[in-house]
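Some notes on the structure that comes next.
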Amino acid sequence: TQQIQSVDSYLVKRSYNGTVVPRRTSLIGFERSGKLESIVVDKGMRVEAGKPLAFLDTKTLKAQQRELLAQRAQLVAQLKELQAGARSQTIAAASSNVNKLKSQLQLARTKNQRRKQLYTQGAISKEQFDEATSDLNSKQANLQEGISKLNELRAGTRPEQIEAQKASIEQLDAKIASVEIELEKTILKAPFTGTISTRLVDEGAVVSMGSSIFRMVEDGILEAHVGVPVNAANKLKVNTKLPVKIGEQNHFARVLSVLPELDSGTRTTTVVLKLDSQATGKVTSGQLVRLQLNETISDAGYWLPTTALVKGVRGLWSCYVLGKAEKSDKSNYFTVKRKDVEILHNTGDRVLVKGTLQNGDRVIVNGNHRLVPGMLVKPIRHLRENI
């Protein structure tokens, strides 16, 4: 026999199925269009993050780069010339020209003075005098222009011209940088460490921007996506470690997140789990994973071993308990009583039941096939621990 005590709740082990998936899977391609010149990897190969995978033809871009670099060199040379200012020989020549213009102006003044006297005396016509005056004015204008040019050479280049030249160089630098970026885009690199699972094109093909060249699967870090009922998923906490079974092997997985959307087909929410490092190399993407959760059910009842159950009428169940004590031959005997029960949960070797049982009842746990209600029995062993 065994004495029973009621419980308010019990644990139920439940399993939910899911799939092992890599943390990252990407279809990768070039960020620009062009002719595929070479591919240096093939499907099944493992590559490190940043490793070049394929190359586009760069002849056109490199020609543009050389042209822009030549233009920049020309602009830089012009800037140096502006910053250096006029050469001393140029300034000396301009100064000599000013002196020559001064001499010419002095001669024009003398001639104009003579023509004026002759015109006053009536020796020449008004037209001849006007010609001399016009020549004087012309020589004065030439001298002023020469002096201005000489002053400009001595003052050097205006700051505005130098700034404008620098801006032109910066504009060209931006174009050169743009070409360099385009040249970088002609090299397709691995975005993360992983394995090439699929190769979609071959050398010589003209690919468009964004078209897929490879399919990559990340190595080392595997996740399990498991569909769990909403009420069970809400009880899970991030970073909690839970037991999972993959094939015949048991592992632990850490809860990364619980997706906020409900699957319309299964009416479950997806729990994302990160598998432990021991699963690396032993687990393959796509394998079935089974998540094991313990759920607490709030329901009062009594735990009995399955051997204590007796078939009742109409598919119901009963158990035998010790009733009133009777004395016979100086020994204690007890009357067998039958009590009907309802099974709430079955774990295989024991069941949780409710019915007409009470706390402290001593339930007969074996030999029931030889008993009937009302029979006098004497217990030969009493299990002290409560179930």
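When THR306 is evaluated against the numbered criteria (1) β-branched (Val, Ile, Thr); (2) modelled with pLDDT of 85 or more; (3) open to solvent by 70 Å² or more (accessible area, probe 1.4 Å), which criterion, by number, is the only one it fails?
(3)
How many of the residues making up the stretch 12-64 are within 20 Å of THR195 (Cβ to Cβ), open to solvent by 60 Å² or more (accessible area, probe 1.4 Å) and more than 24 Å from the chain's Cα centre (by Cα)?
The number of residues fulfilling the criteria is 2.
Inside the stretch 244-288, can you point out the residues that are closer than 17 Å to LYS13 by Cβ and in contact with a Phe, Trp or Tyr (Cβ under 9 Å, 6 or more places away or on another chain)?
Matches in the stretch 244-288: VAL244, VAL271.
Identify, please: which residue in the stretch 174-217 is assigned to a loop (DSSP other than H, G, I, E, B) and among the β-branched types (Val, Ile, Thr) and is, among those, farthest from the chain's Cα centre (by Cα)?
VAL201
For the structure I just gave you, tell me whether PHE55 is assigned to a strand (DSSP E or B) and more than 30 Å from THR280 (Cα to Cα). Step through it out loud before you land on a result.
Values: assigned to a strand (DSSP E or B): yes; more than 30 Å from THR280 (Cα to Cα): yes.
Spelling it out, PHE55 is indeed assigned to a strand (DSSP E or B) and more than 30 Å from THR280 (Cα to Cα).
Can you run down the residue pairs with Cβ atoms below 6 Å, 6 or more apart or on separate chains, where the first is in the stretch 151-174 and closer than 20 Å to GLN64 by Cα and the partner is part of a helix (DSSP H, G or I) and at pLDDT 70 or above?
SER168/LEU75; ILE169/LEU75; LEU172/GLN71; LEU172/ARG72
Among the residues of the stretch 234-242, are any outside any helix (DSSP H, G or I), in contact with a Pro (Cβ under 8 Å, 6 or more places away or on another chain) and more than 30 Å from GLN3 (Cβ to Cβ)?
no
Confirm whether GLU180 is free of Cβ contacts under 8 Å to residues at least 24 places away in the same chain and out of contact with any strand residue (DSSP E or B) (no Cβ under 7 Å at 6 or more places or on another chain).
no
Just one of the numbered conditions (1) open to solvent by 40 Å² or more (accessible area, probe 1.4 Å); (2) on the phi > 0 side of the Ramachandran plot; (3) small (Gly, Ala, Ser) is not true of GLY367; which one?
Failing condition for GLY367: (1).
Filter the stretch 185-201 down to the residues that are open to solvent by less than 40 Å² (accessible area, probe 1.4 Å) and closer than 13 Å to GLU37 by Cα and list them by number.
Residues satisfying the conditions are THR186, LEU188, VAL201.
Please indicate, with yes or no, whether at least one residue in the stretch 38-51 is part of a strand (DSSP E or B) and under 23 Å from VAL179 (Cβ atoms). Write out each step before concluding.
At the first step, the residues of the stretch 38-51 found to be part of a strand (DSSP E or B) are 38-39, 46-47.
From what is left, the residues that are under 23 Å from VAL179 (Cβ atoms) are 38.
Checked against the condition, which is being part of a strand (DSSP E or B) and under 23 Å from VAL179 (Cβ atoms), the stretch 38-51 yields at least one hit.
Specify the residue that is nearest to the chain's Cα centre (by Cα); the eligible residues are those in the stretch 84-114 that are open to solvent by 70 Å² or more (accessible area, probe 1.4 Å), more than 14 Å from LEU143 (Cα to Cα) and modelled with pLDDT of 80 or more.
LYS111
Taking the conditions exactly as written (under 30 Å from GLN161 (Cβ atoms), surrounded by 15 or more Cβ atoms within 10 Å (Cβ to Cβ) and not charged (D, E, K, R)), does LEU136 satisfy them or not?
It is false that LEU136 is under 30 Å from GLN161 (Cβ atoms), surrounded by 15 or more Cβ atoms within 10 Å (Cβ to Cβ) and not charged (D, E, K, R).
So that you can scan it fast, the table gives a plain yes or no per residue for (1) within 30 Å of VAL238 (Cβ to Cβ); (2) part of a strand (DSSP E or B):
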site	(1), (2)
SER264	yes, no
ARG267	yes, no
LEU291	yes, yes
ASN359	no, no
VAL365	no, no
PRO373	no, no
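Which residues, taken from the stretch 207-229, are surrounded by 12 or more Cβ atoms within 10 Å (Cβ to Cβ) and of a type in the set (A, V, I, L, M, F, W, C)?
VAL207, ILE213, PHE214, MET216, VAL217, ILE221, LEU222, ALA224, VAL226, VAL228 - these are the residues of the stretch 207-229 that are surrounded by 12 or more Cβ atoms within 10 Å (Cβ to Cβ) and of a type in the set (A, V, I, L, M, F, W, C).
Could we say that ALA77 is in contact (Cβ under 8 Å) with a residue 24 or more places away in the chain and either open to solvent by 90 Å² or more (accessible area, probe 1.4 Å) or farther than 30 Å from CYS319 by Cα (or both) here?
no
Looking at (1) farther than 30 Å from THR240 by Cβ; (2) open to solvent by 80 Å² or more (accessible area, probe 1.4 Å), which one does PRO373 not meet, given that it meets all the others?
(2)
Can you pull out every residue in the stretch 268-287 that is in contact with a strand residue (DSSP E or B) (Cβ under 9 Å, 6 or more places away or on another chain), of a type outside the set (S, T, N, Q) and open to solvent by 20 Å² or more (accessible area, probe 1.4 Å)? Break it down stepwise before answering.
If we filter the stretch 268-287 for residues that are in contact with a strand residue (DSSP E or B) (Cβ under 9 Å, 6 or more places away or on another chain), which is where we start, we get 268-276, 278-280, 282-287.
Applying the additional criterion that residues be of a type outside the set (S, T, N, Q) yields 271-276, 279, 282-283, 286.
If the condition is that a residue be in contact with a strand residue (DSSP E or B) (Cβ under 9 Å, 6 or more places away or on another chain), of a type outside the set (S, T, N, Q) and open to solvent by 20 Å² or more (accessible area, probe 1.4 Å), then LYS274, ASP276, LYS282, GLY286 are the ones that fit.
Considering the stretch 239-266 alone, what residues qualify as being of a type in the set (S, T, N, Q), surrounded by 11 or more Cβ atoms within 10 Å (Cβ to Cβ) and in contact (Cβ under 8 Å) with a residue 12 or more places away in the chain?
THR240, GLN249, SER257, THR266
The values are calculated or read from the model by the stated rules, or taken from the named source; none is laboratory data. Quick caveat, the model's predicted, so the values are computed rather than measured. Heads up, the Cβs are rebuilt from the backbone with ideal geometry, glycines too, and the neighbour counts pull from every protein chain shown. Note: accessible area is taken over every heavy atom of the protein model, side chains too, but ligands, DNA and RNA are not part of it. Shrake-Rupley method; radii C 1.70, N 1.55, O 1.52, S 1.80 Å.
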